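Since the structure comes first, as structure tokens, the remarks are kept for the end.
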Amino acid sequence: MLLTDLIRHAVGATGTHVGCEHGVCGACTVQIDGEPVRACLTLAAQAEKLDIRTVEGLEPRPGELSPLQAAFREHFALQCGFCTAGILMSLDALFARKPKASEREIREQLSGHLCRCTGYAPIVKAALAAQAHVREEKTTDA
Amino acid sequence: MKPAPFDYVRAETLDEALGALAEGGEEARIIAGGQSLVPMLNMRLARPSVLVDVMRIDALSKIEPKNGRVEIGAGVRQVALERWAALAGTLPLVAAMMPWVGHAQTRSRGTVCGSLAHADPSAELPLALLALDGEVKLRSKRAKRTLPANEFFLGMMATAVAPGEMIEAIVLPAHPMGTGTAFREVARRHGDYAIVACAAIARPGGATRLAIGGVADVPQAVALPDPSDPDFDDQLNEFAWSLNARDDLHASARYRRDLVRTLGRRTVEEAVACRS
């Protein structure tokens, strides 16, 4: 069984989408032990006892969007939303490791995803805005 | 797009893995990071009846530098090599190539040795092994053997790994002090398979070596004179023709030869420029 099928059919968490099912589109990207991975290229058995985080895990409190998700809404970084969950998980992993990731690094991370609606410019804009927002919050807290 | 049914064996030790492989014979396959094998399973281009998972074998997940060589075990993920602190100092060519290997989202799972076992002619890691004259350590339940890169790759997605055998590790020679290296690639998008990939090594003594991926069925290397030598372009052109480039969906044979000549020259020049 693939990890995508475990997440969607056994667990019932349908936020993770399945596109090409051979590792090209990136829609099914989730985090395993904090790293972004293609769930469709991961055997569920190989993920046993590892820490798996899906898009459902992004909301800080039930019903509340994370800064990254809010930035996506604000900057029209999604239209149909099919690719969005995967992109969010990839960017979240990038920012966790490199909070100051450059635009080039953001674009490189996005190269592992296909989006057929918005074009990538609003997605990059949203990513940069989310980064700035998080930085601002940290400074205000301090 | 689901794999055909298979049995899954998670090996805890190398002996266990080799035992399961021996028992499964031709029907058994090693699964490591799965980034090349799982697409093949999903498309049912591969239908092994047993998959032997080697990712929980601690002994295989080591990067070990010793005596001017770096040994990389079968369980080492690409991301682990990419983030290995000593990589840029020890294997600058590999450090330059790693960001081009798939995408961050596949390097997080995919292994170095798995990419070699898959032996896609456009992939960067097979090119690295060949450019550096590395070795592959193979092991079965009964025997061990070590093959140089040029004997390991037999053809497009074909290697010398026999049924019952697995890659235990690869060994890459570190560069002598002062060696210059460079890597360049042309692909449709960053992270896609290379249309042409060039890896160049300029040794302090003056000899240069250029290895090309994406053109022939297996990566190929050639020794070249200094780019300032009047014979350089002729020799590079001869090499470009010897690769028997083919037309495909992504590029024509002529375009590929052209890239070998222009990108190849630039890559060698860059390697020579950073030699000291």
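The values are calculated or read from the model by the stated rules, or taken from the named source; none is laboratory data. Since we're looking at a predicted model, the values are computed, not measured. Positions of Cβ are backbone-derived with ideal geometry, glycine not excepted, and every protein chain shown enters the neighbour counts. We work out accessible area using only protein heavy atoms, side chains counted, and drop any ligands, DNA or RNA first. Shrake-Rupley method; radii C 1.70, N 1.55, O 1.52, S 1.80 Å.
Could you check the range B:80-105 and list, in sequence order, the residues that are touching a strand residue (DSSP E or B) at 6+ places or on another chain (Cβ under 8 Å) and either assigned by TED's automatic domain parsing to the domain that holds B:Leu37 or open to solvent by less than 20 Å² (accessible area, probe 1.4 Å) (or both)? Lay out the reasoning, then the answer.
Taking the range B:80-105 as the starting set, the residues that turn out to be touching a strand residue (DSSP E or B) at 6+ places or on another chain (Cβ under 8 Å) are B:80-81, B:84, B:86, B:90-94, B:96-97, B:100, B:104-105.
Matches in the range B:80-105: B:Leu81, B:Leu91, B:Leu93, B:Val94, B:Met97, B:Gln105.
When you go through B:Gly75, B:Gly33 one by one, which is the residue that is at the interface with chain A (Cβ under 9 Å from one of its Cβ atoms) and part of a loop (DSSP other than H, G, I, E, B)?
When all the criteria are applied, what remains is B:Gly33.
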Helices (runs of 4 or more DSSP H) wholly inside the range A:42-142 that include at least 2 residues being within 11 Å of chain B (Cβ to nearest Cβ) and out of contact with any His (no Cβ under 7 Å at 6 or more places or on another chain): A:84-97, A:103-110
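Which one is farthest from B:Gly114 (Cα to Cα), of the residues in the range B:144-174 that are among the charged types (D, E, K, R) and surrounded by 14 or more Cβ atoms within 10 Å (Cβ to Cβ)?
Going through the range B:144-174, the residues among the charged types (D, E, K, R) turn out to be B:144-145, B:151, B:165, B:168.
Subset that is surrounded by 14 or more Cβ atoms within 10 Å (Cβ to Cβ): B:165, B:168.
Values: B:Glu165: 13, B:Glu168: 11 Å.
Going through the qualifying residues, I end up with B:Glu165.
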Residue within the range A:12-29 that is open to solvent by less than 50 Å² (accessible area, probe 1.4 Å), within 9 Å of chain B (Cβ to nearest Cβ), touching a Leu at 6+ places or on another chain (Cβ under 7 Å) and under 23 Å from A:Val134 (Cα atoms) present: no
Segments classed as strands (runs of 3 or more DSSP E), wholly inside the range B:178-276, with at least 3 members that are under 19 Å from B:Leu91 (Cβ atoms) and open to solvent by less than 80 Å² (accessible area, probe 1.4 Å): B:180-186, B:196-202, B:208-213
Failed condition for B:Val38, given (1) open to solvent by 50 Å² or more (accessible area, probe 1.4 Å); (2) more than 17 Å from B:Met166 (Cα to Cα); (3) out of contact with any Asp or Glu (no Cβ under 9 Å at 6 or more places or on another chain): (1)
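In the range A:30-41, how many are touching a residue at least 60 places away in the same chain (Cβ under 8 Å) and at the interface with chain B (Cβ under 7 Å from one of its Cβ atoms)?
First, the residues of the range A:30-41 that are touching a residue at least 60 places away in the same chain (Cβ under 8 Å): A:31, A:34, A:36.
Of the ones still in play, those that are also at the interface with chain B (Cβ under 7 Å from one of its Cβ atoms) are A:36.
The qualifying residues number 1.
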